Amino acid sequence: MLYVRSDNGQLIQLDNLVTIIEKSTPPQLYRFNRFVSATVSAGLAPGYTIGDGLDEMDRIAAEVLDETFTTDVAGLSKEFRESSNSLIFAFIFALILIYLVLSAQFESFTDPLTIMLTVPLALFGALASLWLFDFTLNIFSQIGIIMLIGLVTKNGILIVEFANQRKAQGLSVEEAIKDAASSRFRPILMTSLSTILGILPIALALGAGAESRVPMGVAVIGGLAFSTLLTLFIIPAVYTFLTSKKGRLARV
């Protein structure tokens with residue numbers, strides 16, 4: 001019991017004057033972005049990615065915390081989100097840039113659109129390959145998908161450019177695209193096969209620390225192989241509908 005002395009010299013119990021409540025406080029107050037913060041760390045269960053963990057964290061925070069609380073990520077989680085946003089921007093920017101360059105070279109907006117149809121084929125092949133080999137859509141696989149934009153459009157350029165040349169020589173659209181597909185089959189196959197063989201060591205994880213780059217190799221090889229097979233069929237079909245009937249040569 002604690003006592004304090006009053007003005008007249010008498011001792012008074014302290015609990016008559018104040019209310020004492022016992023409570024615990026942390027030995028150190030942590031701050032993040034100038035806010036009082038608490039750090040929550042967790043590990044990933046087998047079969048789940050960082051993206052799955054962050055989505056689950058956001059779901060729990062929306063259910064448990066009210067509007068007076070805010071959440072943020074740090075460390076590898078922060079790098080993952082920032083890199084994902086940057087790669088999405090790079091993917092869209094690459095599509096727009098390649099389309100504008102091809103439009104200037106072919107002096108047409110329809111021929112580049114025909115060529116750019118190889119990108120969805122490669123994207124489907126890359127995602128299917130990642131799913132088949134049980135890889136996630138991580139930073140390395142996303143970089144591989146961006147690489148595919150330039151790798152697969154060359155196949156469409158070979159066919160469309162040669163078809164325009166044959167059309168300028170007097171052939172009909174159907175005859176020109178058939179001749180282009182058959183004549184460009186060997187160059188397309190050779191370039192695609194050489195690229196696949198060049199990426200194969202990455203997919204096989206040869207070398208020190210190469211395991212992290214395996215999804216990149218799998219995405220590139222799967223997307224390139226799938227788009228190469230279908231390019232010879234889809235590009236000629238779309239070309240007959242979108243191309244101009246007049247012969248015009250591109251400045252490639």
For the range 13-49, enumerate the residues that are of a type outside the set (V, I, T), exposed (fewer than 10 other Cβ atoms within 10 Å of the Cβ) and within 30 Å of N138 (Cα to Cα).
-> N33, A38, S41, A42, G43, A45, P46, G47
Would you be able to say whether some residue in the range 129-150 is more than 26 Å from T49 (Cβ to Cβ) and over 18 Å from the mean Cα position of the chain (by Cα)?
-> no
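Condition check ((1) under 29 Å from L242 (Cα atoms); (2) surrounded by 22 or more Cβ atoms within 10 Å (Cβ to Cβ)) across all residues:
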{"position": "V152", "(1), (2)": "yes, yes"}
{"position": "N164", "(1), (2)": "yes, yes"}
{"position": "S172", "(1), (2)": "yes, no"}
{"position": "L197", "(1), (2)": "no, no"}
{"position": "A205", "(1), (2)": "no, no"}
{"position": "F226", "(1), (2)": "yes, no"}
The residue from V173, V220 that alone is at pLDDT 90 or above and in the same structural domain as D111 (by TED's automatic domain parsing) is V220
Quick check: anything in the range 39-56 at pLDDT 80 or above and of a type in the set (S, T, Y)?
-> yes
Residue hits (the range 54-96; without any contact (Cβ under 8 Å) to a residue 40 or more places away in the chain, surrounded by 13 or more Cβ atoms within 10 Å (Cβ to Cβ) and within 17 Å of the chain's Cα centre (by Cα)) are L54, S77, E79, R81
Tell me, please, whether a residue that is touching a Ser or Thr at 6+ places or on another chain (Cβ under 6 Å), farther than 20 Å from F93 by Cβ and outside any helix (DSSP H, G or I) can be found in the range 131-140.
-> yes
Looking at the range 197-217, which of the residues that are assigned to a loop (DSSP other than H, G, I, E, B) and touching a helix residue (DSSP H, G or I) at 6+ places or on another chain (Cβ under 8 Å) is modelled with the highest pLDDT?
-> L204
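The values are calculated or read from the model by the stated rules, or taken from the named source; none is laboratory data. Just so you know, these numbers come straight off a predicted model, no measurement behind them. Note that each Cβ is placed from the backbone with ideal geometry, even for glycine, and that neighbours are counted across all protein chains shown.
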